[in-house]
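The values are calculated or read from the model by the stated rules, or taken from the named source; none is laboratory data. Just so we're clear, the structure is a prediction, and the values are computed from it rather than from any experiment. We place every Cβ from the backbone using ideal geometry, glycine too, and count neighbours over all the protein chains shown.
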2 protein chains.
Amino acid sequence: MFDEDDFIRRCLRPLAAVPGSAGLTDDAAVIDFPAGESIVVTTDMIVSGVHFPRDEKPALVAARALRVNVSDLVAKGADPLGYLLQISVPAGTGDGFGDDFAAGLSADHTRYGLKLYGGDTAVVPEVAPLGVAVTMFGSTRGERAPRRSGACPGDVVFVSGDIGDAALGLMVARGDPFPDIGAGHLDYLEAAYRLPRPPFGLQGAIRKHARAAMDISDGLVGDLARLCQTSGVSARIRAEKVPLSAAAKAACDSDPRLMKLVLTGGDDYQSMVIVPVDQSISFARDCMTSGFPVKAIGTCGDGPPEVVAIGMDGQPMSFARTRYTHRG
Amino acid sequence: MFDEDDFIRRCLRPLAAVPGSAGLTDDAAVIDFPAGESIVVTTDMIVSGVHFPRDEKPALVAARALRVNVSDLVAKGADPLGYLLQISVPAGTGDGFGDDFAAGLSADHTRYGLKLYGGDTAVVPEVAPLGVAVTMFGSTRGERAPRRSGACPGDVVFVSGDIGDAALGLMVARGDPFPDIGAGHLDYLEAAYRLPRPPFGLQGAIRKHARAAMDISDGLVGDLARLCQTSGVSARIRAEKVPLSAAAKAACDSDPRLMKLVLTGGDDYQSMVIVPVDQSISFARDCMTSGFPVKAIGTCGDGPPEVVAIGMDGQPMSFARTRYTHRG
């Protein structure tokens, strides 16, 4: 059976071998942030049955908890530094949970250069969901973090990675009716849903070129609409420009209605970056160099703060809802 | 019915009018911490049915979430600066929740000089408990934060405030059998349980004099034992020296067995401070000046890292368990 003290001592303490954490033997962490730098802080929590399946592997839960926060930092042009972990474990959780969960954390420490500063653990009633909240710190290395509010008319809208894989993958994971695109493609989509892959490495190009940026977590169109509202600009994007994986393309070719889900579904954890038009070529080149290609999908305008998406047929698309909300 | 967007926009945004928070319209907060200072970070979460009663008033839940973290910072000699808020609200929570909760936060902003930097909100399934996690930042103004590990043989063990009120108050709140000490005393104890009062104001004296310190949240004897283990010292305390409120004294006079609960019960949220003997008078005087008297209850020694508590009868006390664990 899961034991809180054992989890902290045996599983988490080895991950926290940094000066400020005092090896998790203290109530508070003392962090010497790099002198003179603004610190970017993001906090995201994930809850079983809401943000991930109830029977998800502990290592994948740990990775997701870290990566949704890494995604926020990268989109703000910040290099991840470390994090605090809060975890609510339902009473009666099995023995192996702690080791699996810590293994998931540890792998991403290496991948993203993370440190565990400290945290808090609680055992909650058996009926309560597993919940993991991460507060992650990053640095823009003395440069300014792009906000949601900086976009100007004429700026170019870029997105990283492929869009829609996770939303389609959730359909696959749920066993919803889905086009028969072959086991390889289906597995690819489901894996994209279960393990976010934020574009870690883009942060340098983002802080160098971005006028505004945010991560795409609640659907491309809805998140762009929120950025437009905060910046006071309109945006016009073309569905045909939105980068799709081979699997998502196969699904949308088979059922073109899925394109709406691609544009509005959640959990992409890619970056949306607004760049002045005269920097768009150098931004795209810097991103390519970092190993994460980005794609221009549209432009900002001086219209009302709304998003117009032009569909494959050249007509404006309409959406029943543009924003994905996780619901229990 | 509780609405997440409305809660953020209408209730939380007015509390977050600081530069880095961008009025909660962004995914991440940018915090310019005071230059050249180590930042103390603490994170504590509280869960309905585990750390507070299921039917607790939202304003008291908010205050508790902040104060358990203020308690950690004060014990580390740190002035609270601001915090990130994570809150999981069960679907179907009533309309008034958001306003009441925000009112509780707001009152403590004034009391403790706090700012809301940002956070995350999730609506969780109806069966899930309300959960509130706070990550709070503080500054020791360039001085060193006392750790759990600094105590030396010969040092004096001080505690702030009164001990045991909350543990006795939990009995009262639960309707457990309790001595008849009068309605005024019973109300006092229950209020102490429901609203922690950390010794905000002591942090200056603590960073000036403390060799080691921690807050008392899981029981005086158990927390002191953890400090002894981390510092590699023994400690000997006298029950008769432990500061009691009039209500706790009345309860223990009526049923002396309650003294064990006073020494091992949780939720005190007072500071335990280890001070070199030659600074103990000036420490006590500085605390008195700050309006929070402290009391010397024992000393550290060079024995095995254990706590010996001498009872009212002059004999060592034995405890079935020395440490309070919140359980759902």
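Screening A:Lys241 against (1) crowded, with 20+ Cβ neighbours inside 10 Å; (2) within 22 Å of A:Cys152 (Cβ to Cβ) leaves a single unmet condition, (1). For the range B:107-120, the set of residues classified as of a type in the set (D, E, K, R) and within 14 Å of another protein chain (Cβ to nearest Cβ) consists of B:Lys115, B:Asp120, listed by residue number. The number of residues in the range B:282-298 that are part of a loop (DSSP other than H, G, I, E, B) and under 20 Å from B:Val242 (Cβ atoms) comes to 2. Within the range B:290-307, residues that are of a type in the set (D, E, K, R) reach partners that are part of a strand (DSSP E or B) with beta carbons closer than 9 Å, at six or more positions or on different chains, in the pairs B:Lys295/B:Phe158; B:Lys295/B:Val159; B:Lys295/B:Ser160; B:Asp302/B:Ser234; B:Glu306/B:Ser234; B:Glu306/B:Ala235. For the range A:224-281, the set of residues classified as outside any strand (DSSP E or B), touching a Pro at 6+ places or on another chain (Cβ under 9 Å) and of a type in the set (Gly, Ala, Ser) consists of A:Ala225, A:Ser231, A:Gly232, A:Ala250, A:Ala251, A:Ser254, listed by residue number.
Restricting attention to the range B:210-219, the residues being touching an Asp or Glu at 6+ places or on another chain (Cβ under 7 Å) and either more than 12 Å from every other protein chain (Cβ to nearest Cβ) or not in a loop (DSSP other than H, G, I, E, B) (or both) number 4.
Scanning the range B:121-170 for residues that are within 14 Å of chain A (Cβ to nearest Cβ) and either within 30 Å of A:Pro90 (Cα to Cα) or among the polar types (S, T, N, Q) (or both) yields a count of 21. Candidates are the residues of the range A:61-112 that are outside any helix (DSSP H, G or I), farther than 25 Å from B:Val124 by Cα and touching a helix residue (DSSP H, G or I) at 6+ places or on another chain (Cβ under 8 Å); the one that is modelled with the lowest pLDDT is A:Gly96.
Okay, residues lined up against (1) facing chain B (nearest Cβ under 9 Å); (2) within 18 Å of A:Ala102 (Cβ to Cβ); (3) modelled with pLDDT under 90; (4) assigned to a helix (DSSP H, G or I):
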site	(1), (2), (3), (4)
A:Ser21	no, yes, yes, yes
A:Asp26	yes, no, yes, no
A:Val30	yes, no, yes, no
A:Pro34	no, no, yes, no
A:Val50	yes, no, yes, no
A:Ala59	no, yes, no, yes
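Of all residues in the range B:84-95 being within 10 Å of another protein chain (Cβ to nearest Cβ) and out of contact with any Asp or Glu (no Cβ under 7 Å at 6 or more places or on another chain), which is farthest from B:Val61 (Cα to Cα)? Here the residue is B:Leu84.
Going by the conditions given, is A:Ile274 over 16 Å from the mean Cα position of the chain (by Cα), touching a residue at least 24 places away in the same chain (Cβ under 8 Å) and under 22 Å from A:Phe200 (Cβ atoms)? So A:Ile274 fits the description; yes. Just to be sure before I move on: is B:Asp255 of a type in the set (Asp, Glu), surrounded by fewer than 17 Cβ atoms within 10 Å (Cβ to Cβ) and in contact (Cβ under 8 Å) with a residue 60 or more places away in the chain in the structure I sent? Yes: the conditions hold for B:Asp255.
Out of A:Asp218, A:Asp165, A:Asp253, A:Asp223, I need the residue that is over 18 Å from the mean Cα position of the chain (by Cα) and among the charged types (D, E, K, R). Which one? Before the answer, list the steps.
Numbers: A:Asp218 fails: over 18 Å from the mean Cα position of the chain (by Cα); A:Asp165 fails: over 18 Å from the mean Cα position of the chain (by Cα); A:Asp223 fails: over 18 Å from the mean Cα position of the chain (by Cα).
From the options A:Asp218, A:Asp165, A:Asp253, A:Asp223, the qualifying one is A:Asp253.
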